[in-house]
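Visitor: First the structure, which I've put down as structure tokens, then a few questions once you've had a look.
Computed from the coordinates by the stated procedures, all read-outs in this text should not be read as laboratory data. Computed from a prediction, not measured in an experiment: that's the story for all the values here. So basically every Cβ, Gly included, is an ideal-geometry build from the backbone, and we count neighbours across all protein chains shown.
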Amino acid sequence: MTKPFSARILTARVKAVLRRSAVEPEDEKETLSQGPFEIDRLHHTVHVNGQPLELTLSEFKALELFAKRPGVVFSRYQIVDAIHGKDYPVTDRSVDVLIVGLRRKLGDYGEWIETVRGVGYRMKVG
């Protein structure tokens with residue numbers, strides 16, 4: 001970092017380094033199953049009714065977030081924070097584009113990702 005720098009930038013960079021070096025807690029399951037989805041967190045694979053599905057890293061993380069807490073509504077900012085970390089510069093609409101792409105790849109199962117108008121998105125409980 002070059003001088004001068006603000007305390008806010010320094011704090012953000014330290015948090016980013018700590019986040020990258022954090023080890024995932026061992027009590028979390030390697031595989032999440034929710035409805036027709038089976039998400040293998042260790043191998044970063046997703047199967048829908050036994051069929052493999054190719055997802056980008058952002059789509060994978062979003063689906064994982066929803067599957068961890070089905071029925072819970074996540075705001076666009078919460079989704080960005082879960083995917084990219086705090087203070088990541090991105091617009092609200094980029095989350096909408098991500099969800100549209102995810103739904104498209106899920107095909108008939110895209111309806112599992114529900115829009116809650118004015119709030120955000122959630123996964124059906126099933």
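Visitor: Tally up the residues in segment 97-126 that are in contact with a Phe, Trp or Tyr (Cβ under 9 Å, 6 or more places away or on another chain) and not aliphatic (A, V, I, L, M), please.
Guide: Total satisfying the criteria: 10.
Visitor: Evaluate the following for Asp81: is it on the phi > 0 side of the Ramachandran plot and either within 13 Å of the chain's Cα centre (by Cα) or surrounded by 13 or more Cβ atoms within 10 Å (Cβ to Cβ) (or both)? If you could, list the steps in order and put the result at the bottom.
Guide: Details: on the phi > 0 side of the Ramachandran plot: no; either within 13 Å of the chain's Cα centre (by Cα) or surrounded by 13 or more Cβ atoms within 10 Å (Cβ to Cβ) (or both): yes.
No: the conditions fail for Asp81.
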